1. From the residues in region 65-97 that are among the small types (Gly, Ala, Ser) and under 20 Å from His35 (Cα atoms), which one is surrounded by the most Cβ atoms within 10 Å (Cβ to Cβ)?
2. Among the numbered criteria (1) at pLDDT 95 or above; (2) of a type outside the set (A, V, I, L, M, F, W, C); (3) farther than 21 Å from Glu53 by Cα, which one does Arg157 miss?
3. Name the residue, out of Val142, Val119, that is farther than 24 Å from Asp61 by Cα and either touching a residue at least 60 places away in the same chain (Cβ under 8 Å) or surrounded by 13 or more Cβ atoms within 10 Å (Cβ to Cβ) (or both).
4. Evaluate the following for Lys92: is it closer than 21 Å to Ser118 by Cβ and not in a helix (DSSP H, G or I)?
5. Under the condition of being assigned to a helix (DSSP H, G or I) and either touching a strand residue (DSSP E or B) at 6+ places or on another chain (Cβ under 6 Å) or in contact (Cβ under 8 Å) with a residue 60 or more places away in the chain (or both), which residue from region 41-70 is nearest to Thr93 (Cα to Cα)?
6. If you check Thr42 against the conditions, is it crowded, with 21+ Cβ neighbours inside 10 Å and among the β-branched types (Val, Ile, Thr)?
7. What is the residue count in region 99-116 for residues that are touching a helix residue (DSSP H, G or I) at 6+ places or on another chain (Cβ under 8 Å) and either basic (Lys, Arg) or crowded, with 16+ Cβ neighbours inside 10 Å (or both)?
8. Please find, within region 111-154, the residue that is farthest from Leu95 (Cα to Cα) out of those that are in a strand (DSSP E or B) and under 15 Å from the mean Cα position of the chain (by Cα).
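The values are calculated or read from the model by the stated rules, or taken from the named source; none is laboratory data. Since the structure is predicted, the reported quantities are computational estimates derived from the model, not experimental observations. Note that we place each Cβ from the backbone using ideal geometry, even for glycine, and neighbour counts take in every protein chain shown.
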Amino acid sequence: MNNTIKENWLDTKQRIDKANPDGKEITVIAVTKTHSRETIETALSLGLTEIGENKAQEFVDKYEMLESRKENIHWHMIGHLQRNKVKYVVGKTRLIHSLDSMRLAKEIEKRAAGEGLSVDTLLQVNVVKEDSKYGIFLEDAVSFLKNMEKFQHLRIRGLMTMAPYYEDPEKTRKCFRDLKNLFDQLKKEPFQNVQMEHLSMGMSNDYEIAIEEGSNMVRLGRTLFGERPKL
């Protein structure tokens, strides 16, 4: 298993380099949903220190399980975050990728203020307006971010999206290109409390195209660890 993960990571790095001829920095989030502590330990040994979880409860369980390694792990909450689960996440993650509503923003702000913390988040954008996905629409991003200026403990550090799944990943290209265009537009806006640093787009099926279209952060599970074990 360990050798397989190592081989997968070496192959993935080669693919990233090919998709990224300019050599810009690409942050790889190793998505460990349903995977074991041993798998995470292997990822850490390979230098994959940015670890992503989809569900708050599983995140908490692994955070506590790996408390002794906390200096080596930067946790990311990448899945939909319910407001009643915010209390389990605030203060423990480097980045929440899935800020998708004003109600969630207010809950994060309240919890962070109560603990005297600043919480970094990404705004999740539903680029193609899929009913099955969370996130605001492209055309609502500017007004949403203007409302973020009133918060003192929640900071927007970029954008995230999940492209539709296609058998042919090439079909995701327009989705990624549209979000990159928004990202570049927002960089020019004089927002307070908002900084466009991270463009989190691309998963195991389509990360190479996402990088070609400007992503600087990809969320990879299957391509690193194989199919997820059943819980």
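1. For region 65-97, the residue satisfying everything is Gly79.
2. (3)
3. The match here is Val142.
4. Taking the combined requirement at face value, the residue satisfies it.
5. Step by step, filter region 41-70, then rank; the result is Phe59.
6. So Thr42 fits the description; yes.
7. Going through region 99-116 one residue at a time, the tally reaches 7.
8. Going through the qualifying residues, I end up with Val125.
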